[in-house]
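Below is one structure, written out as structure tokens, with a few remarks after it.
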Amino acid sequence: MIKIKELPATVVSRFLKKIDSNSTNCHLWQGTIDRSGYGVFCVGRNKETKKTMTISGAVERMITAINIVTGDDGQKSKRAVVTFLELLKMEEKDYAKQQHFYG
């Protein structure tokens, strides 16, 4: 399993370009999909694909985790995920400003 910390910035950037995060409720996969309709994203030279879960499934689990930790009804967690995706798309200097201000 590849850990997020091990992914080069170019891979993360390439991944984020395949997500349409303009919607408030759903982040649509704009990349390749397989015959079953699941999003496909390859990392590495062998282009071996291993599906463990859909992107939307991972986002849903992140929202549930935030709800569990904060005791929220779901509204704050959805805003947190949208904010997280926007932070991932930022250039380093813009992110540094946000980090300086918010911690």
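Laboratory data are not the source of any read-out in this text; all were calculated from the coordinates shown. Everything quoted here is computed from the prediction, not taken from an experiment. All Cβ positions, glycine included, derive from the backbone under ideal geometry; neighbour counts span all protein chains shown.
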- Item | segment 72-92 residues near the modelled K17 label - backbone nitrogen below 17 Å, point 7 Å along Cα→Cβ | 88-92
- Task: Any chance you could run the full-extension gain for F41 through A58? It's 0.36 nm times the residue separation minus the Cα-Cα distance, nm to one decimal.
- Result: 4.7 nm
- Query: So if R0 is 22 Å, what FRET efficiency would T70 and Q99 give, r being the distance between their Cβ atoms, rounded to the nearest 0.05?
  - Reply: 0.60
- Query: Want the number for T32 to K89: 0.36 nm per residue separation, take away the alpha-carbon distance, what's left?
  - Reply: 18.5 nm
